[in-house]
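What follows is calculated from the coordinates using simple rules that are stated; it is not laboratory data. The structure displayed is predicted, hence computed values, not measured ones. Neighbour counts run over all protein chains shown; Cβ positions are idealised from the backbone, glycine included.
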Amino acid sequence: MSDFLGILSKLLEMLVHPPRWLLVSLIIVIVLSVVLIPGPGRELIVNIYYRIIPGSTPPPPPDNPDGLQPLSLEALNRWGGLIADARNNTVIVNGEVILGGFYIKLPDPDLKSKTVVLKIENSEDSTFSNNRMFKIEVNEINRVIIPENIVPIDDGYIDFRYKEIEFALPENFDGKLSITFTRATLSNLRITVFTRD
């Protein structure tokens with residue numbers, strides 16, 4: 001019994017006044033967890049670690065393996081009765097439109113010749129005339145862009161079954177990027193926009 005109490009008192013003493021090797025081991029475990037655990041748990045561990053350890057600074061965010069960079073849609077303009085809620089690089093569109101859409105004006109000259117990637121979600125909950133989801137237009141002259149990875153239906157419209165669309169911005173891109181819908185009833189259609197070199 002006295003051996004058990006002795007071991008228990010040593011454990012309690014280590015918890016109250018931890019030896020240096022225990023603190024170093026704990027830091028190593030936390031750092032390894034940050035490196036090895038993917039997903040939202042990683043962010044939580046990183047935040048805890050950098051708040052507990054004085055003088056530490058978080059590492060830079062990891063490189064994006066697919067090279068996608070979010071393209072802000074905060075300055076989005078709507079037209080034709082479209083209801084659009086834009087946050088960061090995602091817009092959720094609703095409404096019944098005969099002809100309508102949204103556009104953004106991008107002042108960054110470095111976007112010329114970059115690839116734009118649109119990720120589409122929830123298109124099956126909307127109704128599109130002749131399966132025409134939308135068409136993509138650029139510049140003030142509303143030049144229709146035909147993405148390389150799709151076959152357009154007519155007049156440049158993209159079939160609603162496409163979930164990822166890629167296209168290069170032209171060399172003469174003047175900053176205007178538009179999405180146009182025709183004869184559609186939109187129900188929480190989600191479009192997330194990225195760029196890639």
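At least 2 residues being within 18 Å of Pro70 (Cα to Cα) and of a type outside the set (Phe, Trp, Tyr) is the threshold, and among the strands (runs of 3 or more DSSP E) wholly inside region 81-197 those reaching it are 83-87, 90-105, 115-121, 164-168, 176-196. If the condition is being within 26 Å of Ile83 (Cβ to Cβ) and without any contact (Cβ under 8 Å) to a residue 24 or more places away in the chain, then region 146-197 contributes Pro147, Ile150, Pro152, Ile153, Asp155, Gly156.
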